[in-house]
Protein chains: 2
Amino acid sequence: MTSMYDTRLERNEANHAPLTPLSFLERAAEVYPERLAIIHGDLRQTWGQTYARCRQLASSLQQHGIGKNDTVAVMLPNTPPMVEAHFGVPMAGAVLNALNTRLDPETIAFMLDHGEAKALIVDPEFAGVVAKALQLRQSATPLLLIDVEDAIYGEASERLGILTYEQLLAQGRADFEWVLPGDEWDAIALNYTSGTTGNPKGVVYHHRGAAVNATSNVLEWDMPKFAVYLWTLPMFHCNGWCFPWTVALRAGVNVCLRRVEAQAIFNAIKTHGVTHYCGAPIVHSLLVNAPAAMKEGMQNLAQGGVKCMVAGAAPPASMIEGMEQMGFDLTHVYGLTEVYGPVTVCAKQESWNGLDVGERARLNARQGVRYHLQRAARVINAETMEPVPEDGETMGEIMLRGNIAMKGYLKNPTATDEAFRGGWFHTGDLAVQYPDGYIKIKDRSKDIIISGGENISSIEVEDVLYRHPAVLAAAVVAKPDAKWGETPCAFVEIKPGAAVTAEDIVAHCKKHLAGFKVPRAVVFGDLPKTSTGKIQKFELRKLAGSADAIDV
Amino acid sequence: MTSMYDTRLERNEANHAPLTPLSFLERAAEVYPERLAIIHGDLRQTWGQTYARCRQLASSLQQHGIGKNDTVAVMLPNTPPMVEAHFGVPMAGAVLNALNTRLDPETIAFMLDHGEAKALIVDPEFAGVVAKALQLRQSATPLLLIDVEDAIYGEASERLGILTYEQLLAQGRADFEWVLPGDEWDAIALNYTSGTTGNPKGVVYHHRGAAVNATSNVLEWDMPKFAVYLWTLPMFHCNGWCFPWTVALRAGVNVCLRRVEAQAIFNAIKTHGVTHYCGAPIVHSLLVNAPAAMKEGMQNLAQGGVKCMVAGAAPPASMIEGMEQMGFDLTHVYGLTEVYGPVTVCAKQESWNGLDVGERARLNARQGVRYHLQRAARVINAETMEPVPEDGETMGEIMLRGNIAMKGYLKNPTATDEAFRGGWFHTGDLAVQYPDGYIKIKDRSKDIIISGGENISSIEVEDVLYRHPAVLAAAVVAKPDAKWGETPCAFVEIKPGAAVTAEDIVAHCKKHLAGFKVPRAVVFGDLPKTSTGKIQKFELRKLAGSADAIDV
């Protein structure tokens, strides 16, 4: 028998609305129309103006025949059109595909084809690479090309389309009556994985997940209304961890930034009162290692203070210390493209406050616990699908479950099914879980080094390398070995002015690691990094084969 | 043709979970097990302990045959069992029906019958009234009676059941494997309206709305993690505006309070570092009008500071000023049982800061704009269903739409359909909307006074009365009149030690109101109030017929 609680008590327009971050913009413009939304060079744009422009964008896209479930690709740095695209494109019913601006023409062409883009908005800086990509594109579908103009960059090398971004907006109506998505499960964005193996996969985000992760960002950071957010993290990376939507939810300020440079960041903090920013470790290193004069006054400004999120690698003790000295508060998060950016956080405990920085760094180096509104994050044995014991030793795979997860991979049901096998999203990251429930990554499945039948966590070796005072960055990969199968090979970037030998590095590692984990080869030089500061281990693996072994 | 974005990209266990505040408790216990969750007298209970006890409660209820969609009623003040019931009951799949503890046995009996309660948890203070209600109950369904023991209250006048609350919990398992609701649209709570006309209506809340409103509370208040929340607002009133769930979302502290008394509130603020509390205007008046010695030190404590929410009536300038002098920050919200408590907020604008307190009070007296995650709040012409012009003059009805709205009225589809007519929830409150989008209530539909064909807003007249320095509380209702149909009749409660005549009051009103709006009768005395401090106008209406008219 149907319960009285399920009888004539259905959803209707009055008591149910799709969850979507588009509502965040609408409310910010409604309640705080005069508050600042975007700073870019000399540009100051309010939430009222931003909402009007997003409606114009949506209106104009629809006039050009772009609507529900059409893909709109953008090749943009962290500029105002990029913020606006995060709202205007889905307000037209379309799906935003923010392309990684560091990619080569071949990959861009692949994404335009695979994502079936109907429009492409291009920053002048990338006109050249896009022009090449357009020649490589195989699809015959017409592509509406929009050229952004940006005085801060200057002239584009070439014009791609017949419309500028401002002309496109001018065609649209500021009072355009956009509608909420019919279903919160509708797609809002398409983000391609880096595709270190095989073709990139197209990760599809839904409105519900975007709203839930954007809200979780606020909850994790205790982010107040009117927060001033600096765009050091590329918005093409997991939609900037959903922060374009989070900033709207707080009626905050987007401080745009074309280039991640220490001086520009410090200036923005001083001039605009930046309160929050995110980035890979490289971004924070940049600040910590900046000249003292540049850092002056940060401590006072940060009373209260500047909050930062780091992901991509655990922040070493030296970074935590350096950030503290500047008065910055660093939060370590972990995530992947498939889960909208951050999905676990190393939530700090009161009991850690009294500990020395080394111990705090050790605790804080863990990937932590599930993000606020995520359902679960567990280390699970991928074969049995049973959670591993919380002993800090038993390895398993980090698996996730809840509303902060993609719809799946576009046009790739096999990969989708595999990723969601057993009702959990499989991250591919190997980890342990501690008695306090905190997760710590031991390695990517593919980064583990197997030497003489023993598993070596490349991250464990890297952590030791980072503790050496001369080391700026380090990565360890497997080097094929006739005797052991594989041995660890270390690639090390040295701090400016520091001097160190391979023997020094090896001696340092021997002090802190079991013999079989000590690198058998050490290579000095700049490390290849992705646009988000992630070290490209697949490049290093190619080099490792020819690296010289040291007798340890 | 189905879009590629809707093909093989379905919801599954890994990427979709029901939104429910039960997850908030689970995470608080998982991430902050040792942090304080509940203070009650000498009791200190952590989130780990609270979660274990809620699981015991759910487990034990299930052992007693109570499960999905069964109603569990509670007759409890703001004590730990009341906090626990907000989680333990729905963790059993059941629906929490928190009864208003000020109600008479007849009404309690009606609610137990209508809500088909299967269990009833009773505080010792209310054993007597419940015993009488049980005799009046018509249903033959067995009712599991649970007696709470509370040393702070003392012995109950009688034992109702065979089990105490602690015995019930002891029967349950702390590792009980509860499950999320099958659907976020499942019922979580049943709350009866005050039923000033006819029988009370049973308002059914869903998990989704509870989670969304609890989150909106955080967003509105910028409520940080570990906030210390004082329970001045009854949890039986709209589930304490969803704050039992909000506090869990922040891993904060519930400071329980059996009785709302100034000394106890100031003590709690000083002793436990209370940061937030809510209440009707009467609660805040109590503090503002407390002796100076009691208020000492509040300003320093409140650095940062104590944040309060007020609803039920606009806070007069004197209250805003008094609160500011104590260093308290008051937020004016508006809502109804049907929308989980607060659903609009008078969001403060930076531009108001420079204004004098009278002007700020005027702006702040408005019901404001939609709550953070609510879809829309509009003043609409109920006949045409068109929004009224935002001119601050045209009256219409406040209507709401979005996820913060009930499933409907239990076993009352006619009332449900009427309430949701046209895809909006009809509040029954008459209001105007200003050019800045802010809503201001002019009156409840039923409170409007129609005199000589002119509508008189009782609230407008009351606002004027409150501006008189001798007035502590005031209410204006219609008095039948042979000539005019109705005339305004004022009921006035005078501040202790103040002296004022009916003529003084009338003279004061004449200065500020059109002649036809000036009360024709003034009655002095204590005003009848509900448990939440709302003045009971239906009682006053009965008296108004016999009140003496004054010639104005």
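The values are calculated or read from the model by the stated rules, or taken from the named source; none is laboratory data. What you see is a predicted model; the values in this text were computed from it and never measured. Methodologically, a virtual Cβ is constructed for each residue, glycine included, from the backbone with ideal geometry; neighbour enumeration extends over all protein chains shown. What goes into the accessible areas is simple: the full protein's heavy atoms, side chains included, and nothing from ligands, DNA or RNA. Shrake-Rupley method; radii C 1.70, N 1.55, O 1.52, S 1.80 Å.
The table below lists the values:
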| item | result |
| --- | --- |
| First in the range A:406-424 and in contact (Cβ under 8 Å) with a residue 60 or more places away in the chain and of a type in the set (A, V, I, L, M, F, W, C), second anywhere and surrounded by fewer than 24 Cβ atoms within 10 Å (Cβ to Cβ) and part of a helix (DSSP H, G or I), Cβ under 7 Å, 6 or more apart | A:410/B:4 |
| Conditions (1) assigned to a helix (DSSP H, G or I); (2) in contact with a strand residue (DSSP E or B) (Cβ under 7 Å, 6 or more places away or on another chain); number of the one not met by residue B:351 | (2) |
| Subset of the range A:406-449 that is among the β-branched types (Val, Ile, Thr) and more than 21 Å from the chain's Cα centre (by Cα) - its residue that is surrounded by the fewest Cβ atoms within 10 Å (Cβ to Cβ) | A:414 |
| Yes/no for residue B:369 being open to solvent by less than 10 Å² (accessible area, probe 1.4 Å), away from every other protein chain (no Cβ under 14 Å) and closer than 23 Å to residue A:29 by Cα | no |
| Residues within the range B:395-444 that are part of a loop (DSSP other than H, G, I, E, B) and either more than 7 Å from every other protein chain (Cβ to nearest Cβ) or under 21 Å from residue B:462 (Cα atoms) (or both), tallied | 7 |
| Residue list for the range B:58-81, restricted to those being more than 23 Å from residue B:185 (Cα to Cα) and not hydroxyl-bearing (Ser, Thr, Tyr) | B:63, B:64, B:75, B:76, B:77, B:78, B:80, B:81 |
| Condition met for residue A:156 (away from chain B (no Cβ under 14 Å) and surrounded by fewer than 24 Cβ atoms within 10 Å (Cβ to Cβ)) | yes |
| Residue tally, condition at pLDDT 95 or above, among the aliphatic types (A, V, I, L, M) and open to solvent by 50 Å² or more (accessible area, probe 1.4 Å), over the range B:135-151 | 1 |
| Any hit, the range B:160-174, residues being open to solvent by 40 Å² or more (accessible area, probe 1.4 Å), within 30 Å of residue B:411 (Cα to Cα) and out of contact with any strand residue (DSSP E or B) (no Cβ under 9 Å at 6 or more places or on another chain) | no |
| Evaluation of residue B:28 against (1) more than 12 Å from chain A (Cβ to nearest Cβ); (2) touching a Phe, Trp or Tyr at 6+ places or on another chain (Cβ under 6 Å) (one fails), failing number | (1) |
| Count of the range A:88-104 residues which are open to solvent by 10 Å² or more (accessible area, probe 1.4 Å) and modelled with pLDDT of 95 or more | 1 |
| Residue that is most open to solvent (accessible area, probe 1.4 Å), among those in the range B:383-400 that are at pLDDT 95 or above and among the hydrophobic types (A, V, I, L, M, F, W, C) | B:385 |
| Flag if residue A:350 is away from chain B (no Cβ under 14 Å) and either surrounded by fewer than 21 Cβ atoms within 10 Å (Cβ to Cβ) or not polar (S, T, N, Q) (or both) | no |
| Among the candidates B:469, B:496, B:519, residue that is part of a loop (DSSP other than H, G, I, E, B), within 23 Å of residue B:455 (Cα to Cα) and assigned by TED's automatic domain parsing to the domain that holds residue B:457 | B:519 |
| Members of the range B:198-219 that are of a type outside the set (A, V, I, L, M, F, W, C) and within 11 Å of chain A (Cβ to nearest Cβ) | B:202, B:205, B:206, B:208, B:209, B:215, B:216 |
| Spans of strands (runs of 3 or more DSSP E) in the range A:231-344 with at least 1 residues within 13 Å of the chain's Cα centre (by Cα) | A:276-279, A:307-310, A:329-336 |
| Failed criterion for residue A:44 (all others in (1) of a type in the set (D, E, K, R); (2) at pLDDT below 95; (3) more than 25 Å from the chain's Cα centre (by Cα) hold) | (2) |
| Filter pass, residue B:258 being of a type in the set (Lys, Arg), in contact with a Pro (Cβ under 7 Å, 6 or more places away or on another chain) and touching a residue at least 40 places away in the same chain (Cβ under 8 Å) | yes |
| Residue count for the range B:475-512, restricted to those that are without any contact (Cβ under 8 Å) to a residue 40 or more places away in the chain, of a type in the set (Ser, Thr, Tyr) and surrounded by 14 or more Cβ atoms within 10 Å (Cβ to Cβ) | 0 |
| Members of the range A:186-228 that are within 17 Å of residue A:419 (Cβ to Cβ), open to solvent by less than 30 Å² (accessible area, probe 1.4 Å) and part of a loop (DSSP other than H, G, I, E, B) | A:193, A:195, A:200 |
| Output for the range A:15-25, where each listed residue is more than 9 Å from chain B (Cβ to nearest Cβ) and hydroxyl-bearing (Ser, Thr, Tyr) | A:20 |
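Residue-wise test of (1) open to solvent by less than 50 Å² (accessible area, probe 1.4 Å); (2) facing chain A (nearest Cβ under 8 Å); (3) among the β-branched types (Val, Ile, Thr).
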position	(1), (2), (3)
B:4	yes, yes, no
B:52	yes, no, no
B:63	no, no, no
B:83	yes, no, yes
B:86	yes, no, no
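One line per residue, one yes/no per condition, for (1) at pLDDT 95 or above; (2) more than 22 Å from residue B:269 (Cβ to Cβ):
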{"site": "B:207", "(1), (2)": "yes, yes"}
{"site": "B:212", "(1), (2)": "yes, yes"}
{"site": "B:217", "(1), (2)": "yes, no"}
{"site": "B:220", "(1), (2)": "yes, no"}
{"site": "B:224", "(1), (2)": "yes, no"}
{"site": "B:231", "(1), (2)": "yes, no"}
{"site": "B:237", "(1), (2)": "no, no"}
{"site": "B:241", "(1), (2)": "yes, no"}
{"site": "B:247", "(1), (2)": "yes, no"}
